[in-house]
Amino acid sequence: MNSSQGGALPKGGNVPLGGGPVRITVQPGGIDVSVLCVGADGKVGGDADFVFYNQPESPDGAVRLAGGAVTVEPARVAGRIERLVVAASVDTGTVAAVPLAVRVSDGSAAHDLVVGGLSTETTVVLGEIYRRGGAWKLRNVGQGYASGLAGLATDYGITVDDPGTPGPAAPPAPPASGFPPPPPGATGTFPPPAPPPPGPNLTKRSITLEKNSAPVLLRKAPVVRLRVGWTSGTDYEAYALVVLTDGTVVHVATFDAMGIPANPQFKELVRHLGDRGRGDVTRGGGSTEEIIEVRFAPEIAAVVPVAYSAINNGTGSFHKYRVTLAIDSGGEDEVTIPADQAKKSSWIFTCVPGIVYNRPDGVLVERLELYSRRMSEHRPKAILHPDGRVEVKMDKGPLNTFKRDNT
């Protein structure tokens with residue numbers, strides 16, 4: 001199919017573009033969109049030719065990613081670049097399970113790329129903007145990768161680790177930070193981490209931070225997901241304290257606290273996605289998690305995820321229902337912090353499993369596992385210190401209004 005008219009563009013179809021700026025939007029929000037700037041040999045020239053959230057602009061300035069949308073100025077594309085490959089990825093599940101809506105507009109016409117025929121794939125090449133006879137054209141590709149980002153990267157010349165090779169071990173314990181020790185059970189420390197391993201590495205690491213484990217540095221994916229999970233038929237809530245670099249703390253939660261209204265989203269950077277995967281709750285089976293999605297922009301210093309016993313009067317303990325925090329860095333690395341030091345008390349309502357710092361060289365995950373006082377309905381308080389450390393004080397924040405202790 002070759003049509004210059006706007007409207008639906010089926011898989012394999014292509015249309016000419018007008019030569020002006022092109023805008024590409026992908027819905028729903030939260031899908032990881034990236035662009036590979038490919039030469040005549042079908043390969044990228046280097047890491048700078050991969051445009052994504054942490055590298056939102058191509059070296060020639062022709063491709064920019066902002067607000068989840070891609071803008072392309074064909075006239076500015078470097079002469080060595082023949083194709084701009086637009087891809088979308090999900091970190092959990094498959095792209096087939098997401099109702100993707102992809103629109104490409106060049107100012108004179110809007111084209112909707114039809115996405116279909118996918119099954120187990122986690123990454124899909126949506127389309128290409130390519131040179132042909134001195135002009136630019138758009139093609140709907142629709143090629144999925146069950147092998148995910150690793151398969152896509154390999155096809156376009158990025159070397160990844162052999163899947164059969166064990167991933168790198170967790171960094172060794174970092175040196176002492178020099179911070180004064182926090183009050184027992186009140187806060188964590190912020191030691192400098194070991195540097196990340198050099199070069200591309202898409203081998204997934206699964207790390208569990210036990211008691212007294214050293215912090216772990218992960219690569220900073222475009223989207224990092226904080227998942228608070230439990231295995232039971234009860235109900236917990238997750239919310240986040242988003243600590244900004246100016247010291248402001250934003251509460252991202254689906255329920256109110258005293259003086260703080262419910263706010264499930266902070267800009268386009270932090271979003272509460274709600275419950276996922278609930279089982280047969282009437283019989284106490286299945287498993288559930290609440291997901292908080294984070295895009296670590298420079299204005300975010302750290303995120304403190306909080307698990308909260310949401311059922312009336314807190315008739316279940318963190319110990320009994322095996323509450324965990326998992327930090328998923330773009331499907332490449334996952335760190336799990338189990339709440340395995342919890343007391344067998346049904347009247348402890350709040351747990352801070354850990355803290356996730358935004359660092360120039362990655363995201364630093366530190367285990368805290370702090371618990372509120374018995375019967376306390378107050379949220380924690382997060383304080384940013386001048387040295388970059390975030391202190392977490394339990395029971396010092398506003399009073400939750402989601403439930404009351406009416407015993």
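Summary of the geometry: region 346-375 and region 102-149, compared by the centres of their Cα atoms, lie 40 Å apart. Highest mean packing first, where packing is the average number of other Cβ atoms within 10 Å per residue, the peptides 390-400, 37-47 line up as 390-400, 37-47. With 31 Å as the limit, write out which pairs from Lys43/Lys220; Lys267/Lys381; Lys137/Lys267; Lys11/Lys267 have Cα-Cα distances beyond it, or answer none. The answer is Lys137/Lys267; Lys11/Lys267. According to the Cα-based calculation, Rg over Rh for region 1-66 is 0.99, with Rh computed by the Kirkwood formula.
Between Arg373 and Thr248, residue separation times 0.36 nm minus the direct Cα-Cα distance comes to 42.5 nm. Given a Förster distance of 51 angstrom, what is the FRET efficiency for Met258 paired with Asp60, based on the Cβ-Cβ distance and rounded to 0.05? The pair Met258/Asp60 has a calculated efficiency of 0.50.
No lab work stands behind these numbers, since they all come straight from the coordinates. Because the structure is a prediction, the values reported are computed rather than measured. All Cβ positions, glycine included, derive from the backbone under ideal geometry; neighbour counts span all protein chains shown.
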